[in-house]
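Inspection log for the structure reproduced underneath, given as structure tokens.
The values are calculated or read from the model by the stated rules, or taken from the named source; none is laboratory data. The shown structure was predicted, so the numbers you read here are calculated from the model rather than taken from an experiment. Please note: Cβ atoms are built from the backbone with ideal geometry, for glycine as well, and neighbour counts cover all protein chains shown.
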Amino acid sequence: MTPGALEHACPQCGAPVELADTAALFDCPFCRARLAIVHGGAPALYLPAHTDAETAVYLPYWRLRGIVLSADIPGVRGRLFDASLAAHQVPNTPATLGLRPQAMTLRFVEPHTPGVFLAPTASASALRRAQTAGEGRISACLAESTSLVFLPVTAQNGRLVDGISGDDLGPVPEVLASPKQSYTPTLSFQAALCPQCAFELAGDAASRVQICHHCQTVWEVTAQGVVPCTARFAPRAEETVDVWLPFWSMEVRTTGFSLQTWADLVELAGLPRVVQPWMRSRAFQFRIPAFKIRPELFTQLTQQATLSPLAAEPLPTLPQDPLFPVTLAPQEAARILAVVLVALSPARKRLLEHIRGGRIQPVAYAVEYLPFVRTPTELLQLDLNFALPVSALTWARSL
């Protein structure tokens, strides 16, 4: 098994399959079953106990993995993180999981999984706040995944023992003297079929957006199931497109300041542009990459795409060119809207004072695909005059 990978038996044929813990679809290489993974909330995973699993008690930990972006007067900076924090209040137990989720095999928590699973008593917000504390005036987690990971412990001769390392953690706490199973897993698998025509959906197994070539529709795989997704495509600058890269286009509602039109953006952010008549009538939308790349490239690409007036439109027929997988959920992209706004502004001090106490909330979103042409080392977006190293896309599935 690959360190940090997820192991699960195929629900259809029972074969053991290895997949990423953030996979949107379950693709079985043996029976070819293609199933949408529906969690009903944050994915619940566990580290298998090295002792008798029947007697193990599993303690919940929140795990976040992704990017922290922060904005201040000097500019926008980012860093990668992979952190965990106890979501329980059991004494004498580890405060974090350390490197275990990266180094060990994980498995889904299912109703028939042996052992007692404690329900989390804290939300992931505390871990998110800890990651952004002191980062800048405005900061946010652009997390690839928020998951609940369970660590096994056992009671042996009145002592609490780590179910993986075998370390003695001290006397058995009173709260574990007679534990009750209080966490209810909600994992289920649904056939990855188009809800409209029942044709099999097509797309990378890691992608949160799948397409139906039969009825020409686009669907988003969410924690609650498969839902319709609006898709638009920017005009081609060249006849040949090597790959379409996805972006979340977001319309927003603001409080405390106005950001409805392009004219509002120019005036609010202090952009060195003359306000044209079309800017007063055209709605402003953020464009945020729907895939993960290194923080500095993510910020640059977001700026270029957002400030471009490229008009993307629905296509009568979906393109046959490769569509890069959508590996960033729109809810995650929405968290960084304020950071993106600061990144767009050359007058950050004035902007930060102007938006202090205000809020930006998305009211509608769509996935927009921009065409890129590949050279041996770069992907080029000719309308944006932007070059992205080909190697940067390897982060999209592993970041």
- Going through (1) buried (at least 18 other Cβ atoms within 10 Å of the Cβ); (2) in contact (Cβ under 8 Å) with a residue 40 or more places away in the chain one by one, Cys10 fails only at (2)
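Per-residue answers, yes or no, for (1) in a helix (DSSP H, G or I); (2) at pLDDT 90 or above; (3) among the basic types (Lys, Arg):
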site	(1), (2), (3)
Pro246	no, yes, no
Met250	no, yes, no
Ser258	no, yes, no
Leu265	yes, yes, no
Ile288	no, yes, no
Gln300	yes, no, no
- Message: Restricting to the stretch 79-110, name every residue that is over 30 Å from Asp168 (Cβ atoms) and surrounded by 22 or more Cβ atoms within 10 Å (Cβ to Cβ).
- Response: none
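Kindly evaluate Pro272 against the criterion of being surrounded by fewer than 21 Cβ atoms within 10 Å (Cβ to Cβ), under 30 Å from Arg374 (Cα atoms) and out of contact with any Asp or Glu (no Cβ under 6 Å at 6 or more places or on another chain). Let's see the steps before the verdict.
Working: surrounded by fewer than 21 Cβ atoms within 10 Å (Cβ to Cβ): yes; under 30 Å from Arg374 (Cα atoms): no; out of contact with any Asp or Glu (no Cβ under 6 Å at 6 or more places or on another chain): yes.
No, not satisfied.
Applying the selection to the stretch 222-267, what residues are in contact with a helix residue (DSSP H, G or I) (Cβ under 7 Å, 6 or more places away or on another chain), more than 23 Å from Cys194 (Cβ to Cβ) and not hydroxyl-bearing (Ser, Thr, Tyr)? Before you say what the answer is, go through the steps one by one.
At the first step, the residues of the stretch 222-267 found to be in contact with a helix residue (DSSP H, G or I) (Cβ under 7 Å, 6 or more places away or on another chain) are 247-248, 250, 252, 256-259, 261-263, 266.
After this cut, where a residue has to be more than 23 Å from Cys194 (Cβ to Cβ) as well, the list is 247, 250, 252, 256-259, 261-263, 266.
Those that are in contact with a helix residue (DSSP H, G or I) (Cβ under 7 Å, 6 or more places away or on another chain), more than 23 Å from Cys194 (Cβ to Cβ) and not hydroxyl-bearing (Ser, Thr, Tyr): Phe247, Met250, Val252, Gly256, Phe257, Leu259, Trp262, Ala263, Val266.
Tell me whether the stretch 178-189 contains one or more residues that are aromatic (Phe, Trp, Tyr), surrounded by 15 or more Cβ atoms within 10 Å (Cβ to Cβ) and in contact with a His (Cβ under 9 Å, 6 or more places away or on another chain). Can you show your working first?
As a first pass, look at the stretch 178-189 and keep what is aromatic (Phe, Trp, Tyr): 183, 189.
Checking the rest, the ones that are also surrounded by 15 or more Cβ atoms within 10 Å (Cβ to Cβ) come to 183, 189.
Retained after the next criterion (residues that are in contact with a His (Cβ under 9 Å, 6 or more places away or on another chain)): none.
No, the stretch 178-189 contains no residue that is aromatic (Phe, Trp, Tyr), surrounded by 15 or more Cβ atoms within 10 Å (Cβ to Cβ) and in contact with a His (Cβ under 9 Å, 6 or more places away or on another chain).
Being in a helix (DSSP H, G or I) and touching a residue at least 12 places away in the same chain (Cβ under 8 Å) is the filter here, so list the residues in the stretch 315-345 that pass it. If you could, list the steps in order and put the result at the bottom.
Quick first cut of the stretch 315-345, residues in a helix (DSSP H, G or I) only: 330-334, 337-344.
Pro330, Glu332, Ala333, Ala334, Leu337, Ala338, Val339, Val340, Leu341, Val342, Ala343, Leu344 - these are the residues of the stretch 315-345 that are in a helix (DSSP H, G or I) and touching a residue at least 12 places away in the same chain (Cβ under 8 Å).
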- Task: Answer yes if at least one residue in the stretch 228-236 is among the charged types (D, E, K, R), outside any strand (DSSP E or B), assigned by TED's automatic domain parsing to the domain that holds Leu315 and closer than 30 Å to Gly66 by Cα, and no otherwise.
- Result: no
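Among the residues of the stretch 346-386, which ones are part of a loop (DSSP other than H, G, I, E, B) and touching a Phe, Trp or Tyr at 6+ places or on another chain (Cβ under 7 Å)?
Residues of the stretch 346-386 that are part of a loop (DSSP other than H, G, I, E, B), as a first pass: 346-347, 356-358, 375-377, 382-385.
Matches in the stretch 346-386: Gly358 only.
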